[in-house]
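Undergrad: Here it is, the structure in full.
The values are calculated or read from the model by the stated rules, or taken from the named source; none is laboratory data. Not measured: the values here are computed from a predicted model. FYI the Cβ positions are ideal-geometry reconstructions off the backbone, even for glycines, and counts take in every protein chain you see. Heavy atoms of the whole protein, side chains included, go into the accessibility calculation; ligands, DNA and RNA do not. Shrake-Rupley method; radii C 1.70, N 1.55, O 1.52, S 1.80 Å.
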Amino acid sequence: MRNNNIKLTIGVLVILGAVFYLIFAGLSNATTAYYLKVSEALQGNIEFGKFYRLEGKIDVANASFDGKTQPVVLKFQIYDEDSPDKKLIVIYNDIKPDNFQEATGAVVEGKFNPDGTFHAQNLNLKCPSKYEQADLTQPDGKISRFLKALGLKK
Amino acid sequence: MAEVGYFSIVLALVLSLYGVAAFVLALRHKSPALLESAKGASLAVAILSTLATSVLLYFLISGEYSIKYVYEYTSNDLPLFYRFSAWWSGNAGSLLLWLILLSWYTVMVAFSRKAKQMAPYASAILLLNSAFFLFVLAFLANPFERVEGWFPGGVVSNGSGMNPMLQNPGMVFHPLTTYLGYVGFAVPFAYGMTALIMRQAGDEWIKVTRRWTITTWLFLSLGNLFGAKWAYMELGWGGYWGWDPVENASFLPWLLASAFLHSVMIQERKNMLKIWNVVLVSLTYILTLFGTFLVRSGVLTSVHAFGNSKLGWYFLAFTLFMLAGSFYLIVDRRQLLSQGRSFEAFLSKESSFLINNLVLVGIAFAIFLGTVFPLISEAVRGVKVSVGAPFFNAVSTPLGLGLFLLMGICPLIAWRKASSHNLRDNFLPSAGLAIITVLFLVITGMRKPYALISFGIAVFTVSTIFREIIRGASVRHRLTGESYPLAWLKLMGRNRRRYGGYLIHLGLILMLVAVTGSHTYNLDLTRSLKMGESLEIGSYKLTYETLDVKVIGNGREAVYADLKVYNRANRRLLGSVEPQKVFYPTSDQPATEVGLRSTWKEDLYVILADWDKQGTATFKVFVNPLVYWLWVGGYVIIFGTIFALWPGRGSQTGARYLRDGAEVIHAQGKETA
C-alpha cells in the first residue's frame, strides 16, 4: 500500500512537473507580446525582433487596401487616443476584416520593420459597438434619473 | 408597462433577500411555516423574473423603440426570430436570461423531493445569486430604461438595428446554450456548499446533482461548439477557435466540469477525493462568474466583449465573495472531507481518473494563467505582456494528447487493481493497430510529428473502446445465450451511463481528428482575380465567373461572386461556391458570408474580400481538412450524453467497490473481476 502511494505520488509530481515545464517553456519571446503605447513606439523605445502589442485608435478614412499585390497589403495608421497627431504606420498582409470601417480602435500584434513601420501579424478590432450597437450618447431614462435623484446611481 | 417590468425586478430583489433569510431562519428555528414562506418567496421571484422577461419580450417583438434596449438591438426590418434573440443580444437582456434560468432552477431545488433536508440551504445559496443579478438589473443595467428625451406618450418609430454579425442562427443558439451551461453549475455548487454547511460528509450532494452537472456540461459543450461554428461561418477568418480571453472563459469551466464529472465517480464508488470534488465544483461555478466578469469589464481586450462597463467590477466583487465563502467553508470543514480510504494500486481505474483530473486541471490552470497573464505580468514586473495562440497551443497540445491517450488506456484498467498480464493482453492489439496506422500515414507522406501522434492516439483509443464494447457483448452472449446484436443492445441499454460515456469519448476523438487535420494541414491563399481567371489551391481549381448584386430580403443586399470549383487534376466540375458581402440597411459595414463547400474530407472556404469597378475581386481561400468531423463529433457527444442520462434502469451508478476482494460482479460481466 505504501509502495503504491509512493508510485502514485511520483506520478502526480511528474504530471505537475510537465504542466509547469510546458507553461514556462511556452512563455518565450516567440509567444509573448509586450504592450506598448504608440507614442512610446514613436520615441524609438523599441527593440527589433521582439513582439509588441499596440492598442490604439485607427485612422479608418486614410486606410488603404491593395489586393493586387502578393501578399496583399492593408495599410493604416494607429494613434493613441490622447495624442491624435502622433501616428504610426501599420502594415498588415491580410484582408480587411468586416468591421474595419466601424472600428473605434485596434489591437495589433507583430514586430517593427527596420524603417520604423509596424508589421502586424494579428489585427483585432475593438468595437464597443459590436454587441452594444450604436453609440447613443448614454441616453438617460426616467427610472435612471429617479435613481440618480435618490443617489443610487451615478 | 415598462414600470411593471422594472417594479417586478425591484420586488423580486426584495423577495429574494427575504427568501435567503427565511430559508436560513426556518432551518435554525425548525419552523415549517417559515420554510413554506421561503419556498413561496423563491416561487414569487421566479414568477416576477418571468413577468419582467415577458414585458421585455413584448417590447422587443412589438417594437417599442422608446425602450433603450429595444431601440439598440432591433429595428422594423428585423425578422421575428432575431427580435426574440435580441433578448440576449445585449447586456441587460442577457442578465435577465441568466436570472430567469437561475430563479426557476431555484424553484426546482426548493420544491425538490430529493434530499429534502439539503434543499433549504441550497435554495438560499441560489437565491443569494439571484439577488445579485436582480441588484445589477435594478441599479446598473436596467432593461426597461427609456431612450433619452422620451416623454410619456412619445413614440419612437424605428430602432438602430441589430448588429449584422448577430443575425445568424449560430448567434441565437450559442449564447442560449452557453448561459444554460453557465447557470446550471450554480446548482451542484449550491448543494456542495450545503453539504459543507450541514457537515454532511457523504456523497448525497453528488447523487442529487449528477443530472444537473451532466446536463449543464452538455449545454456548455454545445455553447462552445455553436460559438466555434458561428465564428467559423460568420467572422470569416477561416478558423473556429482563437484562444480569445472570452473563449477561454467558457472553456475553463468546461475543463473543470469535465474533471468533476470523472472525479465524482471515484467518490461515488470509493468514497475518495472528497475535498477535491468540492474544490472542483466551487471553482467551476466561480469560473462561470469570472467569465462573466471578463466579458463585461473590458479589462482584457477581446473580440467578444460587451463594451466597457463598470458592471464587470461588480461581477468581480461577487466572484471574490463567492470564492472567499467557499474557500472558508472548505478549510473550516476539512476534517469532514478526509479520505475514506487510500489508493490500492498504482495501476487502477481510480489512479487513472486521478491522472485524468490532474491533466484537465493542469490545462485549465495553464489557460487561466495565459488569459490573465497581462494582469499578472503588470502586477509582478510592471510590464504588461500578453500571450497569444502559440502559447496556448504549445501547452495544451501535449497535455491534451496525453488526456486522449489516457482515454484509451482507461477502459483497459479495472477498478482497484489491474494485473499487468491482462493489461498487456488488452493493450497490445490496440497499440499494434495504432502503430500500423502511423506507419501507413508516414508511407503516404505525412511527416508532422504532432499529427502522427494525434492520429495514432485516436486509433488506439477508438480501438480500445470498441474492444471493450465487443468484449462486453460477447461475455453477455456467453452468459445469457442471447444473439450477438441483442446482447450488444442489452449491454449498452443496461449500462447506459458507462456506454454513454464511451460515446462521448468517441465524439471527442472525432473532434481531436478534426482539430489535428485542420490545424496541421490547412492551406490558405489570397489572390486578386479578373473575371474568367482561376486560382489553384490544394486539389482544387477555382474559376471566377461573375460578380453581381442581389436583394436577399428584409432590405438586405448581397454582393456575390460566383466561382466554379474544379478538381485540379482531372478538371472535372465539382460544383460552385458563392462568397458574399451582405449589406444591411441599419449598418454601414458589410458582413462576410463565406462560400463553403464542405465534405467529409475537407472544407473549401472562400471569402470575397474586396472588389473594384472593373470586377476584379480579391479572394481569400482556405482549405481546412476534416473540419466536418468537429460538428459530427459534437452530435455524437449530444447523443452520448442523452443516452447516459435517459431516465430509467441502466442510468444508475455502478456498484460500489468498497470491500476488499469481494466486489460485486455484474451479471453482465461488465467489470473485470
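Undergrad: Mind listing whichever residues of the stretch B:110-124 are open to solvent by less than 30 Å² (accessible area, probe 1.4 Å) and either at negative phi or in the same structural domain as B:Val208 (by TED's automatic domain parsing) (or both)? Before you say what the answer is, go through the steps one by one.
TA: From the stretch B:110-124, those open to solvent by less than 30 Å² (accessible area, probe 1.4 Å) are B:110, B:112, B:115, B:118-120, B:122-124; that's our starting set.
Within the stretch B:110-124, B:Ala110, B:Ser112, B:Met118, B:Ala119, B:Pro120, B:Ala122, B:Ser123, B:Ala124 qualify.
Undergrad: Would you please name the residue that is modelled with the lowest pLDDT, looking only at residues in the stretch B:352-366 that are touching a Gly at 6+ places or on another chain (Cβ under 7 Å) and at the interface with another protein chain (Cβ under 7 Å from one of its Cβ atoms)? Full working, then the answer.
TA: Narrowing the stretch B:352-366 to residues touching a Gly at 6+ places or on another chain (Cβ under 7 Å): B:355, B:359, B:363.
When the remaining residues are screened for being at the interface with another protein chain (Cβ under 7 Å from one of its Cβ atoms), the result is B:355, B:359.
Details: B:Ile355: 89, B:Val359: 94.
That would be B:Ile355.
Undergrad: If you don't mind, there's one more thing I want to ask. Just to be sure I understand, how many residues within the stretch A:75-101 are open to solvent by less than 60 Å² (accessible area, probe 1.4 Å), in contact (Cβ under 8 Å) with a residue 40 or more places away in the chain and at the interface with chain B (Cβ under 10 Å from one of its Cβ atoms)?
TA: 1
Undergrad: Follow-up. For the stretch B:376-388, enumerate the residues that are open to solvent by less than 40 Å² (accessible area, probe 1.4 Å) and either in a helix (DSSP H, G or I) or in the same structural domain as B:Phe466 (by TED's automatic domain parsing) (or both). Please lay out each step first, then the result.
TA: Step one: filter the stretch B:376-388 for residues open to solvent by less than 40 Å² (accessible area, probe 1.4 Å), giving B:377, B:385-388.
Passing the criteria: only B:Ser377.
Undergrad: Please enumerate the residues belonging to the stretch B:52-79 that are away from every other protein chain (no Cβ under 11 Å), of a type in the set (Val, Ile, Thr) and closer than 23 Å to B:Val10 by Cβ. Break it down into steps so the answer makes sense when it comes.
TA: If we filter the stretch B:52-79 for residues that are away from every other protein chain (no Cβ under 11 Å), which is where we start, we get B:52-65, B:70, B:76-79.
Pick out the ones that are also of a type in the set (Val, Ile, Thr) and you get B:53, B:55, B:61, B:70.
Listed by number, the residues that qualify are B:Thr53, B:Val55, B:Val70.
Undergrad: Tally time: how many residues in the stretch B:560-594 are without any contact (Cβ under 8 Å) to a residue 40 or more places away in the chain and more than 14 Å from chain A (Cβ to nearest Cβ)?
TA: Matching residues across the stretch B:560-594 total 16.
Undergrad: Can you name every residue in the stretch B:112-146 that is over 26 Å from the mean Cα position of the chain (by Cα), farther than 18 Å from B:Phe321 by Cα and either within 14 Å of chain A (Cβ to nearest Cβ) or at pLDDT 95 or above (or both)? It would help to see each step written out before you state the result.
TA: Let us first name the residues in the stretch B:112-146 that are over 26 Å from the mean Cα position of the chain (by Cα), namely B:112-121, B:124, B:135, B:138-140, B:142-146.
In the following step, the residues that additionally are farther than 18 Å from B:Phe321 by Cα were identified as B:112-120, B:138-140, B:142-146.
B:Ala138, B:Phe139, B:Leu140, B:Asn142, B:Pro143, B:Phe144, B:Glu145, B:Arg146 - these are the residues of the stretch B:112-146 that are over 26 Å from the mean Cα position of the chain (by Cα), farther than 18 Å from B:Phe321 by Cα and either within 14 Å of chain A (Cβ to nearest Cβ) or at pLDDT 95 or above (or both).
Residue by residue, here is whether (1) in a helix (DSSP H, G or I); (2) within 13 Å of chain A (Cβ to nearest Cβ) holds:
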position: B:Glu148; (1), (2): no, yes
position: B:Pro152; (1), (2): no, yes
position: B:Ser160; (1), (2): no, yes
position: B:Gly170; (1), (2): yes, no
position: B:Glu234; (1), (2): yes, yes
position: B:Leu252; (1), (2): yes, no
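Undergrad: A further question follows. Out of B:Val577, B:Val594, B:Val582, which single residue is of a type in the set (A, V, I, L, M) and out of contact with any Lys or Arg (no Cβ under 7 Å at 6 or more places or on another chain)? Steps first, answer last, please.
TA: On the way: B:Val577 fails: out of contact with any Lys or Arg (no Cβ under 7 Å at 6 or more places or on another chain); B:Val582 fails: out of contact with any Lys or Arg (no Cβ under 7 Å at 6 or more places or on another chain).
So the residue among B:Val577, B:Val594, B:Val582 that is of a type in the set (A, V, I, L, M) and out of contact with any Lys or Arg (no Cβ under 7 Å at 6 or more places or on another chain) is B:Val594.
Undergrad: May I pose another question? Of all residues in the stretch B:240-251, how many are open to solvent by 30 Å² or more (accessible area, probe 1.4 Å) and within 15 Å of the chain's Cα centre (by Cα)? So that I can check it myself, show each step before the final result.
TA: Within the stretch B:240-251, the subset open to solvent by 30 Å² or more (accessible area, probe 1.4 Å) is B:241-243, B:251.
Filter again for within 15 Å of the chain's Cα centre (by Cα), leaving B:241, B:243, B:251.
Number satisfying all stated conditions: 3.
Undergrad: Looking only at helices (runs of 4 or more DSSP H) that fall completely inside the stretch B:1-101, which ones have 2 or more residues that are open to solvent by less than 50 Å² (accessible area, probe 1.4 Å) and aromatic (Phe, Trp, Tyr)?
TA: In the stretch B:1-101, B:2-28, B:68-73 are the helices (runs of 4 or more DSSP H) which contain 2 or more residues that are open to solvent by less than 50 Å² (accessible area, probe 1.4 Å) and aromatic (Phe, Trp, Tyr).
Undergrad: Consider B:Leu441 carefully, then state whether it is outside the structural domain of B:Val264 (by TED's automatic domain parsing), among the aliphatic types (A, V, I, L, M) and in contact with a Phe, Trp or Tyr (Cβ under 8 Å, 6 or more places away or on another chain). Full working, then the answer.
TA: Working: outside the structural domain of B:Val264 (by TED's automatic domain parsing): yes; among the aliphatic types (A, V, I, L, M): yes; in contact with a Phe, Trp or Tyr (Cβ under 8 Å, 6 or more places away or on another chain): yes.
Judged against the criteria, B:Leu441 is a match.
Undergrad: Out of (1) open to solvent by 50 Å² or more (accessible area, probe 1.4 Å); (2) aliphatic (A, V, I, L, M); (3) at the interface with chain B (Cβ under 7 Å from one of its Cβ atoms), what's the single condition that is false for A:Leu13?
TA: (3)
Undergrad: Condition check: on the phi < 0 side of the Ramachandran plot and away from every other protein chain (no Cβ under 14 Å). Does B:Val475 satisfy that? First the steps, then the outcome.
TA: On the way: on the phi < 0 side of the Ramachandran plot: yes; away from every other protein chain (no Cβ under 14 Å): yes.
Judged against the criteria, B:Val475 is a match.
Undergrad: Looking at the stretch B:55-63, is at least one residue more than 32 Å from the chain's Cα centre (by Cα), at pLDDT below 90 and polar (S, T, N, Q)?
TA: Checked the stretch B:55-63: no residue is more than 32 Å from the chain's Cα centre (by Cα), at pLDDT below 90 and polar (S, T, N, Q).
Undergrad: Just to be sure, is B:Ser8 under 15 Å from B:Ala131 (Cβ atoms), touching a Gly at 6+ places or on another chain (Cβ under 7 Å) and among the small types (Gly, Ala, Ser)?
TA: In short, no.
Undergrad: Restricting to the stretch A:35-50, give me the number of residues that are open to solvent by less than 40 Å² (accessible area, probe 1.4 Å) and at the interface with chain B (Cβ under 10 Å from one of its Cβ atoms).
TA: Total satisfying the criteria: 1.
Undergrad: State all residues of the stretch B:435-489 that are open to solvent by less than 50 Å² (accessible area, probe 1.4 Å) and of a type in the set (Lys, Arg); if no residue qualifies, say none.
TA: B:Arg476
Undergrad: Let me ask you something else. Of the residues that make up the stretch B:147-162, is at least one touching a strand residue (DSSP E or B) at 6+ places or on another chain (Cβ under 6 Å) and not aliphatic (A, V, I, L, M)? Full working, then the answer.
TA: Applying the first criterion (touching a strand residue (DSSP E or B) at 6+ places or on another chain (Cβ under 6 Å)) to the stretch B:147-162 yields none.
Taking every residue of the stretch B:147-162 in turn, none turns out to be touching a strand residue (DSSP E or B) at 6+ places or on another chain (Cβ under 6 Å) and not aliphatic (A, V, I, L, M).
Undergrad: Let me ask something else about it. Could you give me the residue pairs with C-beta distances under 8 Å whose first residue belongs to the stretch B:543-557 and is at pLDDT 90 or above, whose second residue is of a type in the set (Lys, Arg) wherever it lies, and which are 6+ apart or on separate chains?
TA: Listed by first residue and then by second, the contacts come to B:Thr543/B:Lys564; B:Tyr544/B:Lys530; B:Glu545/B:Lys564.
For (1) at pLDDT 85 or above; (2) open to solvent by 10 Å² or more (accessible area, probe 1.4 Å); (3) touching a Ser or Thr at 6+ places or on another chain (Cβ under 8 Å); (4) not polar (S, T, N, Q), each residue gets a yes or a no:
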residue	(1), (2), (3), (4)
B:Val295	no, yes, yes, yes
B:Ser338	no, yes, no, no
B:Phe346	no, yes, no, yes
B:Phe368	yes, yes, no, yes
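Undergrad: Starting from the stretch B:88-100, take each residue that is more than 10 Å from chain A (Cβ to nearest Cβ) and list its partners that are outside any helix (DSSP H, G or I) and open to solvent by less than 10 Å² (accessible area, probe 1.4 Å), counting only C-beta distances under 7 angstrom and pairs at least six apart or across chains.
TA: Matching pairs, first to second residue: B:Ala92/B:Pro143; B:Gly93/B:Pro143; B:Leu96/B:Pro143.
Undergrad: Looking at B:Trp212, B:Trp237, which one is surrounded by fewer than 23 Cβ atoms within 10 Å (Cβ to Cβ), aromatic (Phe, Trp, Tyr) and under 20 Å from B:Tyr502 (Cα atoms)?
TA: B:Trp212
Undergrad: A follow-up question, please. Return yes or no: is B:Ile376 in contact with a helix residue (DSSP H, G or I) (Cβ under 6 Å, 6 or more places away or on another chain) and either within 14 Å of another protein chain (Cβ to nearest Cβ) or within 30 Å of A:Lys50 (Cβ to Cβ) (or both)? Let's see the steps before the verdict.
TA: Working: in contact with a helix residue (DSSP H, G or I) (Cβ under 6 Å, 6 or more places away or on another chain): no; either within 14 Å of another protein chain (Cβ to nearest Cβ) or within 30 Å of A:Lys50 (Cβ to Cβ) (or both): yes.
Here the answer is no, as B:Ile376 does not meet what is asked.
Undergrad: What number of residues within the stretch B:389-425 satisfy the criterion of being modelled with pLDDT under 90 and surrounded by fewer than 19 Cβ atoms within 10 Å (Cβ to Cβ)?
TA: Looking only at the stretch B:389-425, we keep the residues that are modelled with pLDDT under 90, and these are B:389-390, B:409-425.
Keeping just the survivors that are surrounded by fewer than 19 Cβ atoms within 10 Å (Cβ to Cβ) gives B:389-390, B:417, B:419-425.
Of the residues in that region, 10 qualify.
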